[in-house]
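The values are calculated or read from the model by the stated rules, or taken from the named source; none is laboratory data. Remember, predicted model here, so these are calculated numbers, not experimental data. A quick note on method: Cβ atoms are made from the backbone with ideal geometry, for glycine too, and the neighbour counts reach across all protein chains shown. Keep in mind that these areas ignore ligands, DNA and RNA; they rest on the heavy atoms of the full protein, side chains included. Shrake-Rupley method; radii C 1.70, N 1.55, O 1.52, S 1.80 Å.
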Amino acid sequence: MRIFTRYILREVVSYALLGGVLFTFVLFMRHLDEILDLVVRDSASLSDVLRIFAYMLPNTLTVTIPTAVLAGILLGLSRLAADSEITAMRACGIGALSFVRIVSILSFTALAFGLLNALYFVPSAARNLLNLEDQLKSSQASFEVQPRVFYENFKNYVLYVQDVHPTAGSAAWRHVFLADITQPANPNVTTADQAFVANSDPSDSQSLRMHMFNAGQHQYAPTDPSKYDISTFSDTYVPLQLDSQDDTHISRMNTPLQALSLGELWQRSHAAGPAKQPDARAARIEFNIRFSYPFACLVLTLIGVPLGLSSRRGGKSTGFVLTLLLVFVYYLLAELGVGFAKSGKLSPLLGVWGANLIFAAFGSILLQQLAGGGVLLNLFSSLGAWLARTLSHIAPQRLVAAVSRLANPDPSVAEPNGSLPPYTAPGWSDGPAQPLPLVRSRDRTFFPRIRRLFKTSFPLLLDEYVMRAYAANFALSLGAFAILILVFTFFELIGDIIHNQTPFVIVGEYLFNLIPYIVNTVTPLCSLLAVLVTFGSLNRTSELTAMKATGISLYRVVAPILVLAAMLAVALFAFDESYLPAANRRQEQYRAEIKGKPAQTFLRPDRKWISGQTDKAGDPARIFSYQAFDPDHDVFANLTVFEFDPQSFTLVRRIFATSVRWDPNVSSWIFDNGWQRSFAGTTVSAYQPFTVDTFPEIHEQPTYFKKEYKQSQEMSYAELSRNIADLSQSGFNTVPLRVQLDRKIAEPVITLVMAILAVPFALSMGKRGGLAGIATAIAVAIAYLGVASLFSNLGDISTLPPLLAAWSPDLLFGIAGAYLLLRTPT
């Protein structure tokens, strides 16, 4: 019995570890860009990077530990059942309860670790993550300011800087414009030749101080515009405070509650008084969640053992599909219960533990039916058989025929019965060689057309075999990752769906339009995984040895894979140019509706500050500030125009009007009820109030203020290029958009790079099979995503040129893949 116990445990534990890594990777993919953006923009050290990942990991493990246990049980037992090992074990007297007892070793171990994680690591990590985020954002805020871009993250201030020069520990700004918008209709303005920013109070992570040199401050009274004060300073200090954002933290929205210890949650959950009842209910829900998810390891064991033992034909494919299905159903019920508990329709205890109770009851029924082969288990067994027929792979014998055809592609040597001449690879058989049938022409109708179209002998029969295997593995991995991401995305939104009573039609539309984005994102990873699994399978079954035995070079075997990968890269770029931008816009609109936000618009008429257009040298630099803008009627309310000397950036004129409208008859702006002032150094050289006036030198058209602002993934390459050219004149930060423009070409190319990199990895795995391929793919994908996000964010802050930031990951991984491939024995 000890031998059986070790054998079964080794099987389920290996799959559980793989499943845990896979699910954790899928969840971390969504936050990787946010983490590295925070790190790169704030110049965090390597230790800060590792701390961020460490602090986010416990919250992720809360979900993935029960999921990993279920995956290990279903995949491990399904594999044993498919190979009839379960039948042999049960014939030796091992009953269903014995399997439960053996597998429960894994379940109780996961339960203990889950409780330790939920009760200690999660609250501690949440507290540390909040503190670390605040420290990074405040201590390095100066690095976020971009030249000629309005920075609005300081409370009650708008900052505009013409030039930024990085220095050790901070950044030096030249030609600074700082507007105090405590009174939006009457902003007080300070200009400076140079400025630095640093922490003013180490105990307050949000408090900063700006040191300004050669500064001038402009103030006036709105009730008496004739009174205007100008103050000059050789140097002065301005206290600043970072504007607190409700959604800046990259962790869960209820992080402050999650950061409480178990004792603090208990005290808050028993708080008395009507005003504290909502907080008490939320605390009771969080208190129960910390226990319910770890105990899900036991509940999912009850349902995983009978389903795994009954999967006789489908094998690991059935186990994988059942894992996804059960994970979706469990977390759907769990999130629904939490949503009903928050709304008061269910008690916190019943709402949180409802999914566990339902699955425990269902698992007990399945265990009772296991001995007699009940209806439910027969249903799942039929599902496994159907999956086995659907996922049936190409017969291995076809490879030998393909090798023979490649070795002698002349069709005239074929036998009269349509078979290839006898061929036997060395060491494959001691008996007489037998002719192997050719693949029927109806199975190869597509490839002969390609050969006739391009008048070439490529692809040959061997190429067809390798390409079909690669395409099948690619499609399966793409479908698996798409389903995983859709499932976890649905879990993330289920609370908003319940709270906002979003119709499931809208949810379905959102998930449907999210699929193109998922396909575009995971295609390089799926290309990598498909090559690993394909060549790993060829190597494990000695089919690659048969190819080499005929004198076929490894490079020739790899060629069809690289051709398909290159075609995928071109298809991805075409997909991004045509269908993907529209799908991304639709899914963003549906997501906003699910979140309860107002309908999204891509116009930014509410932007209060915008820089003017400079067409020729010597024109003054302008900044426009307004309280409101009606884009339908081209009317401004409370518009202020600041004009600066282009060389010294000193304020030379200021215009204010309560109303400004565009007159198409004269092609000019009409200013009503305002005034203008001209400045000569520190004095007012002219002051002129007006009732109606025009300023022909202000030549910005109404369309200039109706800037279209879309995210880069919502535009094609040509649209993004035009948008960058337009926005760069208006004080918008276009550096990240320039990086994304170059990445629109670089990202599809990584599909080909991943295929090149995967070949030497696949051959180095020997005969370890598909699981080693999946683990390798995840490791390489994590490395690529980390490097790509790091370089992208370095480009966003102008540390690297956009072209280098976009293409560096492709170059690094391409060079590594080419080097390893050239060193591989052919």
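Annotations
- Positions within region 635-686 being of a type in the set (S, T, N, Q), free of Cβ contacts under 8 Å to residues at least 60 places away in the same chain and under 15 Å from F624 (Cα atoms), in sequence order: T658, S659, Q676
- Of everything in region 184-208 that is among the polar types (S, T, N, Q) and at pLDDT 75 or above, the residue that is nearest to P147 (Cα to Cα) is Q194.
- Hits in region 88-100 (condition: part of a helix (DSSP H, G or I), open to solvent by 80 Å² or more (accessible area, probe 1.4 Å) and of a type outside the set (D, E, K, R)): A91, L97
- Some residue of region 467-487 being open to solvent by 30 Å² or more (accessible area, probe 1.4 Å) and hydroxyl-bearing (S, T, Y): no
- One residue stands out in region 497-514 among those that are out of contact with any helix residue (DSSP H, G or I) (no Cβ under 6 Å at 6 or more places or on another chain) and either of a type in the set (S, T, N, Q) or within 30 Å of V466 (Cα to Cα) (or both): the one that is surrounded by the most Cβ atoms within 10 Å (Cβ to Cβ), namely N500.
- No other residue among F295, F287, F328, F291 is more than 21 Å from F108 (Cβ to Cβ), at pLDDT 80 or above and open to solvent by 40 Å² or more (accessible area, probe 1.4 Å) apart from F287.
- Test for Y517: is it surrounded by fewer than 17 Cβ atoms within 10 Å (Cβ to Cβ) and within 16 Å of the chain's Cα centre (by Cα): yes
- Residue count for region 69-84, restricted to those that are open to solvent by 10 Å² or more (accessible area, probe 1.4 Å) and either β-branched (V, I, T) or modelled with pLDDT of 80 or more (or both): 1.
- Subset of region 488-543 (residues that are closer than 16 Å to A569 by Cα and among the hydrophobic types (A, V, I, L, M, F, W, C)): I518, V519, V522, L525, C526, L528, L529, A530, V531
- Failed item in (1) surrounded by 14 or more Cβ atoms within 10 Å (Cβ to Cβ); (2) touching a residue at least 60 places away in the same chain (Cβ under 8 Å), with P689 passing the rest: (1)
Matching residues to (1) in a helix (DSSP H, G or I); (2) touching a Ser or Thr at 6+ places or on another chain (Cβ under 9 Å); (3) modelled with pLDDT of 80 or more:
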| residue | (1), (2), (3) |
| --- | --- |
| A777 | yes, yes, no |
| F791 | yes, yes, yes |
| L804 | yes, no, yes |
| L812 | yes, no, yes |
| T824 | no, yes, no |
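- When we screen F629, F642 for residues that are open to solvent by less than 70 Å² (accessible area, probe 1.4 Å), in a strand (DSSP E or B) and modelled with pLDDT of 90 or more, the only hit is F642.
- Among the residues here, Q135 does not qualify as polar (S, T, N, Q), open to solvent by less than 60 Å² (accessible area, probe 1.4 Å) and modelled with pLDDT under 85.
- Taking the listed residues A772, A755, the one that is modelled with pLDDT of 75 or more and part of a helix (DSSP H, G or I) is A755, with no other qualifying.
- One residue stands out in region 646-677 among those that are within 24 Å of Q219 (Cβ to Cβ) and open to solvent by 50 Å² or more (accessible area, probe 1.4 Å): the one that is modelled with the lowest pLDDT, namely S648.
- Taking every residue in region 804-823 that is over 17 Å from S792 (Cα atoms) and pairing it with any residue that is of a type in the set (V, I, T) and buried (at least 18 other Cβ atoms within 10 Å of the Cβ), at least 6 positions away or on another chain, the pairs with Cβ-Cβ distances below 7 Å are G814/V753; G814/I756; G817/V753; G817/I756; A818/I756; L821/I756; L821/V759.
- Any hit, region 21-29, residues being modelled with pLDDT under 85, open to solvent by 50 Å² or more (accessible area, probe 1.4 Å) and of a type in the set (F, W, Y): no
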